[in-house]
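Just so it is clear, none of the values below were taken in a lab; they were calculated from the coordinates. Keep in mind that this is a model prediction, so the values were computed, not measured.
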Amino acid sequence: MVSRNRWLSVVLLSVAAVLLVVGCGGGDDEGGNGGGGAAAADQTLKWGLGAEYVLDPGLATDTTSAKLVLNIFDPLVKLGDDLEAEPSMAESWDVN
């Protein structure tokens, strides 16, 4: 029974040591995504979409297209919490 506990202790200590080494690694200044450095030269957003999409705000009826349109386009006005129009890109407007 003692050898089984000793074996389990050795395995657990080995796993803890490996996790410590892997978690603390990576001190390169080139590339990498660590904080504190200068901004990366290539700032490209890569977004995996699971479906086809439409980038026309007037035709975007599915959720994938709607998410893209909301993240790309800034509307002239937005609806506030009370569902009244609030300025977004528009400075003023007249209602006819």
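Quick notes on this one:
- Full extension of the chain segment joining residue 3 with residue 24 gains 4.4 nm, where the gain is 0.36 nm per residue of separation less the Cα-Cα distance.
- Gain on full stretching of the segment that runs from residue 85 to residue 17 - 0.36 nm per residue minus C-alpha separation: 18.7 nm
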